1. When residue 147 is evaluated against the numbered criteria (1) under 26 Å from the mean Cα position of the chain (by Cα); (2) not in a strand (DSSP E or B), which criterion, by number, is the only one it fails?
2. Scan segment 111-125 residue by residue and report those that are touching a helix residue (DSSP H, G or I) at 6+ places or on another chain (Cβ under 8 Å) and free of Cβ contacts under 8 Å to residues at least 60 places away in the same chain.
3. Is there a residue in segment 70-88 that is in a helix (DSSP H, G or I) and among the small types (Gly, Ala, Ser)?
4. Does residue 255 satisfy the condition of being among the β-branched types (Val, Ile, Thr), surrounded by 17 or more Cβ atoms within 10 Å (Cβ to Cβ) and either touching a strand residue (DSSP E or B) at 6+ places or on another chain (Cβ under 8 Å) or free of Cβ contacts under 8 Å to residues at least 40 places away in the same chain (or both)?
5. Residue check: is residue 56 surrounded by 11 or more Cβ atoms within 10 Å (Cβ to Cβ), among the basic types (Lys, Arg), modelled with pLDDT under 90 and out of contact with any Gly (no Cβ under 6 Å at 6 or more places or on another chain)?
Amino acid sequence: MTRARKKRVISLPPEFKNRVAEIPRETWTFGRALESFARHHRVKGTRESTIKWYMRCLDDFKRFCEEARGIAEATQVRREDIEEYILSCREQNLKPTSINGRIRSVRAFFNFLESQGALRTNPAKGISLVRHTEPVVPTFTEDHVRRLLEQPDLSTFAGLRDYTIMLLLLDTGVRIGELLRARREDVVSEGGYPAYLVIRNPKNQKERVLPLSPKTQGVLRLYSEALDRLFGPDSPLFPNQEGEPISKRTVQQRIAAYGRRAGLSGVRVSPHTFRHTFAKFWIMEGGDVLSLQEILGHADLEMVRRYARMFTPDLKRKHERFSPVTRKGF
């Protein structure tokens, strides 16, 4: 009886088996991946401005991968490709904040692909933000605020409107976009006076209620009377001279013009500086960071901690007590 010959097995290096396992089950071109990423965030309810910011950052990353690294598919990107992209951003002398914005976008993109089962290994996992010096937050002084509020001509509708806008920015720390999206019904009254401003479409998708000080309540009531007389009860909360919603750009330009008229220098005169100024005075008067986070609508404590580090009155008192200029009489 003839014995069956044992078949010869030709072995391959172990790396072949590993490489087979790494081959994706379907093709994810950059175009398809970016389109799916944007659609995912629209379904999720992410603000359109945030999606556009993601796509600007990721378009730059895609161009780098295709032109500098010869990568056509998002699933082909490796960790070293992302690291080379960061080095390329550094070589372009981009600001650390700009580089970190791109890193956050890239991480969000690959986290999404991982959640879709398109990746076996997430190349962005463990990629850290670049270190940078924390910039000083620009704020107004008390004198700046008083001089700014003196500029609008309160005998005109535009002047009363602008004064009301600046007072609300200073009293609530609200973002200018949030304020201009507010409707008249978002102003809640108590005892015949506006008492709260309801923010229904903020940056982090959470509704919040902002209390108003007595001065702001009185000004807002007077302003509402002017709105009723000029444009009727159905008008936008902040219209232009024609009764249409005023644009964010127009408000920015008008506030900057008031700053020039007031002779302000050394600080950016903008709606967002009012927001920083609100936070500064809140901290300096002893307000707590958790309440500040809630009022400002920040998703986490990172920014309010920056305010606390910069503006805490304890730090100022300690500096006055221990500074060598004070202690040694220099």
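1. (1)
2. Across segment 111-125, the qualifying residues are 122, 123, 124, 125.
3. Yes, the conditions are met somewhere in segment 70-88.
4. Details: among the β-branched types (Val, Ile, Thr): yes; surrounded by 17 or more Cβ atoms within 10 Å (Cβ to Cβ): yes; either touching a strand residue (DSSP E or B) at 6+ places or on another chain (Cβ under 8 Å) or free of Cβ contacts under 8 Å to residues at least 40 places away in the same chain (or both): no.
When the stated conditions are applied, residue 255 does not pass them.
5. Details: surrounded by 11 or more Cβ atoms within 10 Å (Cβ to Cβ): yes; among the basic types (Lys, Arg): yes; modelled with pLDDT under 90: no; out of contact with any Gly (no Cβ under 6 Å at 6 or more places or on another chain): yes.
Here the answer is no, as residue 56 does not meet what is asked.
The values are calculated or read from the model by the stated rules, or taken from the named source; none is laboratory data. It should be emphasised that the depicted structure is a prediction, and the values quoted were computed from it without experimental measurement. FYI the Cβ positions are ideal-geometry reconstructions off the backbone, even for glycines, and counts take in every protein chain you see.
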